[in-house]
Structure formats: structure tokens, C-alpha cells
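Participant: Below you'll find the structure I mean.
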Amino acid sequence: MQGTDRGLANGVPVAFTVIGGSLLAVLIFLMDTFSPLESAVAVLYVLPLIVIAERLSGARIIWSAIGFVLLTLLSFLINHHSSHGISPLLRLIVGVAAIFVTALVLRNSYAQRRLLLGAMDSARSSENHYKALFEGSGVPLWEQDFSELQRYLAGCKKAGYPEVRSALLAQATSPTQMAKLIRTTSINLNRTGFA
């Protein structure tokens with residue numbers, strides 16, 4: 001998103017991508033209008049829509065789709081409306097439906113991407129805030145792994161001691177023995193005065 005604001009997205013200039021998508025749309029218009037093809041050529045407008053949607057905002061995606069629909073209607077009025085039968089009208093409906101469905105999906109994708117990037121920025125900001133608070137507090141942090149102790153306590157339960165207290169009273173274990181099962185995995189003594 002930030003790349004789009006600066007005129008670049010994924011290393012490709014936004015103007016270059018939009019111009020390329022527009023040229024592709026013009027080629028599709030010419031093919032739809034002047035070729036003898038009797039198929040829903042207007043469906044191909046989803047290709048330039050997908051190309052330019054990666055570089056445009058949600059509202060611009062919808063405006064681009066409206067532009068492609070207008071090209072489809074113009075092509076229909078120039079060449080296809082005079083054909084016999086309902087077939088040209090059905091092709092028009094299929095083309096317009098494909099363009100609008102694709103535009104709505106792309107707009108939704110754009111909105112979801114914006115929400116995700118916003119959440120990531122918020123999480124990063126929050127992480128930096130709490131990291132700064134922690135590092136400035138002078139309180140050491142250490143992380144411990146209690147998995148061995150949990151396995152040991154599960155074994156005590158199987159041996160008939162439903163609680164730690166009952167195992168201690170029966171002298172089946174001791175606090176020192178249990179403490180030895182706790183493994184320290186990481187220590188941060190940064191700026192605490194304890195290092």
C-alpha cells in the first residue's frame with residue numbers, strides 16, 4: 001500500500017501498469033467490436049481489471065469496471081445489436097456480469113488487504129511500545145519451559161496422587177525436585193543492573 005502511494009507497487013511504476021492495462025482494454029474493445037468472433041469477448045475485460053487492480057484503490061477499481069462496462073456497451077451498440085436472435089444480448093450480460101463480479105471481488109480483496117496492513121502496523125506499533133516500556137522498566141525477563149514438570153505431575157497423578165499437595169504430604173516428591181524440572185529457555189537482563 002505504501003508503494004502505491006509513492007507511485008510504485010512491487011517495483012513496477014503504477015502509471016506503467018495502468019497504461020498497460022488500459023492498452024489491453026483497448027485491444028479487447030477492438031477485438032470485441034471488429035472481429036468476426038461470436039463469443040463473449042467482453043469477459044476478457046477481467047484481465048486488465050485484475051492487472052490494474054493491484055495498483056489502484058477500491059474506488060478506482062469500481063470506476064475502471066464501469067469504464068470497461070461502457071466499452072462493452074459501446075461495442076454492443078456498434079456491432080452486435082443488429083445480429084439476429086438473443087445470443088448477442090446474452091453475451092453482453094455475461095460480459096457485464098463477469099466485469100462487475102470481478103470488480104467486487106477485487107475491491108473486497110483491496111479492503112481486506114488494507115485491514116490486514118492496518119492490523120499489522122497496529123501490532124508492530126504496540127509491540128514496539130511495550131518493548132520500550134519493558135526495556136525502560138529495569139525489570140529482568142526470563143522464559144521457562146514447564147513441559148518436564150507437567151509430565152512429572154501427570155506421572156504423579158497416575159501413581160495415585162491427584163494433587164501436588166498429596167504428593168508432598170506423602171513425601172513422594174519435593175519442591176526442590178519439581179523446581180529442577182523447570183528449564184529456563186531465555187533470559188533478558190538487558191539494562192536491569194543484574195547482568
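The values are calculated or read from the model by the stated rules, or taken from the named source; none is laboratory data. No experiment lies behind these values; they were computed from the predicted model shown. Glycine also receives a Cβ, built like all others from the backbone with ideal geometry; neighbour counts cover every protein chain displayed. Calculation scope for accessible area: heavy atoms of the full protein, side chains included, ligands and nucleic acids excluded. Shrake-Rupley method; radii C 1.70, N 1.55, O 1.52, S 1.80 Å.
Participant: How long are the three semi-axes of the equivalent ellipsoid of the stretch 21-117, in whole Å, if each is the root of 5 times an eigenvalue of the C-alpha gyration tensor, listed from largest down?
Facilitator: 28, 13, 9
Participant: A follow-up question, please. Using only protein heavy atoms and a 1.4 Å probe, report how much of Met31 is accessible, in Å² to the nearest 10.
Facilitator: Approximately 70 Å² of Met31 is accessible to the 1.4 Å probe.
Participant: State, to one decimal in nm, how far the label point of Arg151 lies from the label point of Asp121, with both points 7 Å from Cα in the Cβ direction.
Facilitator: 4.6
Participant: May I pose another question? Normalised by the residues of the stretch 142-183, what does the relative contact order come to in percent, with Cα pairs under 8 Å and at least six apart?
Facilitator: 58
Participant: Further question: Any idea how far apart Trp63 and Ala159 come out in nm if each label point goes 7 Å out from Cα toward Cβ?
Facilitator: 7.5
Participant: When the chain is fully extended, how far beyond the present Cα-Cα distance does Ile93 get from Leu27, taking 0.36 nm per residue of separation?
Facilitator: 21.7 nm
Participant: Continuing with this model, one more query. Which order do peptides 167-176, 45-54 fall in by mean Cβ count within 10 Å, highest first?
Facilitator: Ranked from most to least packed, the peptides come out as 45-54, 167-176.
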